[in-house]
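Have a look at the structure below before the remarks.
The values are calculated or read from the model by the stated rules, or taken from the named source; none is laboratory data. Everything quoted here is computed from the prediction, not taken from an experiment. Glycine also receives a Cβ, built like all others from the backbone with ideal geometry; neighbour counts cover every protein chain displayed. Keep in mind that these areas ignore ligands, DNA and RNA; they rest on the heavy atoms of the full protein, side chains included. Shrake-Rupley method; radii C 1.70, N 1.55, O 1.52, S 1.80 Å.
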Amino acid sequence: FADAIDVDVELDFQLRRDLPLKGLRRARTLDRQVLDILRDCRDLRIAVRNFDYATAAWAPLQTLTAMSRNSQVSVARLGGYAVLAWSSDADANANTNADRFIAIAEGVAGAGWSMSMPSQLQPGADTPSVAINPVDATVELAMTVRGKDADGVTDTGVITNRAALVVARRDSQGSWTATAITDGGSPVWAELPRMAVSDNGVALVLFRRF
């Protein structure tokens with residue numbers, strides 16, 4: 001990992017010519033490297049590339065493909081190490097839950113990207129938010145998971161107050177552990193969780209609760 005005193009994260013949106021893009025999400029660190037995460041306007045592809053201020057050059061654009069529809073990308077970066085998390089849907093239908101998973105991509109500046117869909121992260125997950133612990137470089141993830149309605153048969157749709165809050169952690173050995181957040185034994189229903197980690201390594205999740 002590159003040494004850095006502080007981390008500055010920018011988010012902005014603009015059109016690009018090299019993909020039919022809906023938005024640009026940018027992470028910048030004090031090692032003067034910029035990571036662009038580009039989302040296809042049809043929610044089909046996630047693409048990434050690095051800009052190194054030292055050489056004033058962009059790395060080649062790399063497309064990361066998981067399933068038919070890829071969206072809701074979240075990015076975190078610590079020095080030269082970056083993590084992306086996004087929702088990947090096999091049938092591109094947000095109202096069917098069993099075929100929607102969280103995809104993870106990890107990259108090190110100059111070494112390319114690796115992508116996975118960890119089996120420990122349960123299906124039906126979306127709205128991921130990822131952060132990197134600055135103390136030990138573990139990865140913290142928050143997400144919501146939609147399963148079945150109260151009848152036990154109908155898939156819970158997008159507009160709902162029954163999306164369960166789940167957090168997950170990837171340790172330094174690369175193993176994921178996911179935990180559903182409960183209150184009095186019942187799921188915590190949530191919307192749009194946001195994960196952050198403090199300078200001393202405490203993970204914090206902000207979300208709307210139902």
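Between the alpha-carbon centres of segment 146-210 and segment 120-137 there is a gap of 10 Å.
Annotation for THR55 and SER116: the two label points, set 7 Å from Cα along the Cα-Cβ direction, are 2.8 nm apart.
Peptides 57-63, 102-108, 191-197, ordered by how many other C-beta atoms sit within 10 Å of their residues on average, highest first, read 102-108, 191-197, 57-63.
Ligands, DNA and RNA left out, the 1.4 Å accessible surface of segment 123-210 is 52% carbon and sulfur atoms. For the pair LYS148 and ARG209, label points projected 7 Å from Cα toward Cβ lie 2.7 nm apart. Once the 1.4 Å probe is applied to the protein heavy atoms, segment 105-151 comes out at 39 Å² accessible per residue. Taking Lys and Arg as +1 and Asp and Glu as -1, the other residues whose beta-carbon sits under 11 Å from that of LEU165 total 0. Computed with the Debye formula from one identical point scatterer per Cα of segment 93-210, without solvent, the log10 of I(q)/I(0) at q = 0.09, 0.10, 0.11, 0.13 Å⁻¹ comes to -0.26, -0.32, -0.39, -0.53.
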